[in-house]
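**Q** Let me give you the structure first, and then I'll get to my questions.
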Amino acid sequence: MSEPLSYSKNYDKLSYNEIQILEKAKKSISDFVENSALLSDVEYATRNVHAKTYAVLKGELIINKDLDENFRKIFGDEKYTVTARLSHANPKINNQKNVFPAYGFAFKIKNEQDKTIANYPLVNFPLLPVNSPIRLLKILIAMNHYQIKGWTRILPLLKQIGCNIHAILRFSFFKHCWNLLLKRKDFILSSDFYSVGAYRFDDKMIKIKISPVSVPKKFEQEISVKESLENFFASNEYVAEVLVQFCYDLKNQPIDKLHREWKNSPYLKLGVIKFNKNSILNPKSCENELLSFNPFESAEILQPVGKIQQLRNEAYKTSLQARKKINKLLKYQ
């Protein structure tokens with residue numbers, strides 16, 4: 001196999017039109033966060049995505065001893081501290097037990113000096129039905145307006161979905177949607193979790209996923225996700241392999257065409273994540289509520305790559321600034 005492609009800043013450059021629409025998207029994010037407490041019936045401003053926290057976990061990343069020196073340049077220690085947040089993708093917080101299984105698994109890697117090495121926000125669905133930054137921004141704007149104003153803004157949202165129908169109707173997207181529906185009652189930790197976009201790995205580019213080891217799919221299905229996690233960690237540990245794919249050519253491993261999976265790039269094992277029994281932290285504590293999993297707070301050589309990832313950076317910052325402004329008298333942000 002050929003050498004992986006090298007990272008270039010050109011992958012991250014936004015066009016003039018993309019920047020103009022981004023400003024409109026940032027305004028819609030601020031508007032949503034300002035209304036989020038009312039929309040979720042809580043007393044604080046929430047995140048504009050993945051607002052609901054199921055659990056915060058403390059564990060470790062154990063590095064694969066058989067890694068070559070290219071990996072060892074980045075992850076040279078045997079172990080790293082890991083903090084993870086399990087969440088639901090819904091921008092609104094509710095107490096429904098039966099929800100669409102769109103879950104998030106964000107984890108933070110720290111070294112012995114308690115310095116953040118990397119943040120990886122992963123999801124259990126590896127694709128987005130978009131292939132350009134502008135289309136993603138327009139969907140985001142329409143979705144935020146719909147969440148705030150309700151059915152009076154349904155037509156603009158449907159219009160944007162219609163503009164991306166070609167991506168939604170791709171076999172790979174439909175296949176993953178169908179698989180997710182079939183697994184809707186499966187235990188959250190039995191899922192694989194994926195980075196939707198690409199990341200730097202020194203001067204190369206990767207995608208990352210975690211795959212659980214020997215986690216039961218059917219675990220206490222009649223109770224809430226939060227309760228099932230608490231019961232699981234009362235008597236079980238969780239282990240998942242951390243796997244990476246390298247980008248070798250843009251045809252098979254595109255950077256910004258997030259409606260396509262990477263092909264012809266084998267998964268390589270970086271290590272395993274392990275959470276022992278009783279590793280759940282209090283998700284409502286001030287310290288844990290303040291946790292940030294912004295991947296742009298990672299070391300520079302491990303930060304996100306691509307135009308759509310740059311949009312996520314602006315979305316993270318806008319959401320955080322709005323939450324800080326609203327929650328300044330509370331212990332949340």
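**Q** Report the relative contact order of the chain, percent, no decimals, based on alpha-carbon pairs under 8 angstrom and at least 6 residues apart.
**A** Values: 639 pairs, mean separation 85.2, N = 333.
That works out to 26 percent.
**Q** Using amide H atoms built in the peptide plane, which far-off residues or other-chain residues are under 5 Å from Asn236 H to H?
**A** Asn278
**Q** What shape does segment 196-246 have by the C-alpha gyration tensor, where a ≥ b ≥ c are the square roots of the eigenvalues, rounded means a/c under 1.5, and otherwise prolate means a/b greater than b/c and oblate the rest?
**A** Prolate shape, in that a/c is at least 1.5 and a/b is the bigger ratio.
**Q** So what is the calculated 222 nm ellipticity per residue for the chain, using -39500 (n - 2.57) for each DSSP H run with n of 4 or more, over all residues, to the nearest 500 deg cm²/dmol?
**A** Values: 9 runs with 107 residues, N = 333.
Estimated from H runs of four or more residues: -10000 deg cm²/dmol.
**Q** Now a separate question. Computed from the mean reciprocal separation of all distinct C-alpha pairs, what Kirkwood hydrodynamic radius does segment 147-287 have, in Å?
**A** Over segment 147-287, the inverse of the mean reciprocal pair distance is 18.3 Å.
**Q** Here's a follow-up. Once you sort the root eigenvalues of the Cα gyration tensor of segment 208-319 as a ≥ b ≥ c, which label holds: rounded (a/c under 1.5), prolate (a/b larger than b/c) or oblate (the other case)?
**A** It comes out oblate by the Cα gyration axes.
**Q** Which is the longest stretch in the chain that no exposed loop site breaks, taking sites as GluC sites (Glu not before Pro) with a DSSP loop state and at most 10 other Cβ atoms within 10 Å?
**A** That gives 223-333 as the longest site-free run.
**Q** Can you grab the distance from the C-alpha centre of segment 108-168 to the C-alpha centre of segment 235-278, Å, no decimals?
**A** 20
**Q** Right, next: Kirkwood hydrodynamic radius (Cα pairs, Å) of the chain?
**A** For the chain, inverting the mean 1/r across all distinct Cα pairs yields 20.7 Å.
**Q** Dividing the Cα convex hull volume of segment 134-197 by residue count, how many Å³ per residue is that?
**A** Dividing the Cα hull volume of segment 134-197 by its residue count gives 130 Å³.
**Q** Let me ask you something else. With N set to the number of residues, divide the alpha-carbon radius of gyration of segment 68-225 by 2.2 N^0.38 Å and report two decimals.
**A** The value comes to 1.23.
**Q** Under DSSP H, which helices of the chain have Cα atoms covering 18 Å or more of the helix axis and a Kyte-Doolittle average no less than 0.0?
**A** Span-like helices, by this rule, are 133-149.
Every number here is computed from the coordinates shown, using simple stated rules; none is lab data. The model shown is predicted, which means the values in this text are computed figures rather than measured ones. Neighbour counts run over all protein chains shown; Cβ positions are idealised from the backbone, glycine included.
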